[in-house]
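Read the structure below first, then the notes.
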């Protein structure tokens with residue numbers, strides 16, 4: 001597999017699904033089990049920067065990955081979110097959709113919409129200097145005071161390998 005970038009961050013080992021124009025990867029700090037990202041291969045900051053073919057491919061990938069994630073994690077539904085621009089809480093300047101499996105019973109959020117404030121916290125408040133670090137291709141630094149601890153590359157790779165098996169079955 002060719003080297004895959006989320007903005008300037010290499011994510012090749014976390015990727016579990018790939019098309020010529022998109023890919024999906026497991027999340028460094030998932031809000032719920034199964035929280036993944038779907039991303040266009042071409043690095044663009046905003047949804048409006050995608051051409052029609054890229055946008056169509058991205059939405060088809062969101063749909064396909066969402067179906068697999070829902071099944072793999074025994075979910076009843078999905079929260080699908082795209083923070084399109086810095087003012088909307090987008091932390092990494094590369095279009096991406098969050099897919100979060102949700103359950104009628106046993107979901108982490110008793111109030112369904114509380115997931116949006118958690119997503120805002122997770123995406124919106126970057127540590128000082130991260131945008132310039134991303135621009136200089138430095139390693140991603142994670143906010144230390146967040147309750148969600150970052151996973152190791154090995155943990156993310158293991159989940160990605162498991163999720164790949166669901167696409168091989170189809």
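Confirm whether residue 37 is crowded, with 18+ Cβ neighbours inside 10 Å, at pLDDT 95 or above, touching a helix residue (DSSP H, G or I) at 6+ places or on another chain (Cβ under 6 Å) and not in a loop (DSSP other than H, G, I, E, B).
On the way: crowded, with 18+ Cβ neighbours inside 10 Å: yes; at pLDDT 95 or above: yes; touching a helix residue (DSSP H, G or I) at 6+ places or on another chain (Cβ under 6 Å): no; not in a loop (DSSP other than H, G, I, E, B): yes.
Considered against the rule, which asks whether it is crowded, with 18+ Cβ neighbours inside 10 Å, at pLDDT 95 or above, touching a helix residue (DSSP H, G or I) at 6+ places or on another chain (Cβ under 6 Å) and not in a loop (DSSP other than H, G, I, E, B), residue 37 comes out as no.
How many of the residues in region 103-137 are over 17 Å from residue 35 (Cα atoms), out of contact with any helix residue (DSSP H, G or I) (no Cβ under 9 Å at 6 or more places or on another chain) and either at pLDDT 50 or above or not in a loop (DSSP other than H, G, I, E, B) (or both)?
Residues in region 103-137 being over 17 Å from residue 35 (Cα atoms), out of contact with any helix residue (DSSP H, G or I) (no Cβ under 9 Å at 6 or more places or on another chain) and either at pLDDT 50 or above or not in a loop (DSSP other than H, G, I, E, B) (or both): 8 in total.
Which condition does residue 95 not pass, out of (1) free of Cβ contacts under 8 Å to residues at least 60 places away in the same chain; (2) surrounded by fewer than 21 Cβ atoms within 10 Å (Cβ to Cβ); (3) within 21 Å of residue 29 (Cβ to Cβ), if it passes all the others?
(2)
What's the total number of residues in region 45-73 that are assigned to a loop (DSSP other than H, G, I, E, B) and surrounded by 17 or more Cβ atoms within 10 Å (Cβ to Cβ)? Spell out the reasoning first.
In the first step, residues of region 45-73 are kept if they are assigned to a loop (DSSP other than H, G, I, E, B); the result is 45-46, 50-51, 73.
From the residues that got through so far, the ones that are surrounded by 17 or more Cβ atoms within 10 Å (Cβ to Cβ) too are 50, 73.
Number of matching residues: 2.
The values are calculated or read from the model by the stated rules, or taken from the named source; none is laboratory data. A quick note: this is a predicted structure, and the numbers were derived from the prediction, not measured. Positions of Cβ are backbone-derived with ideal geometry, glycine not excepted, and every protein chain shown enters the neighbour counts.
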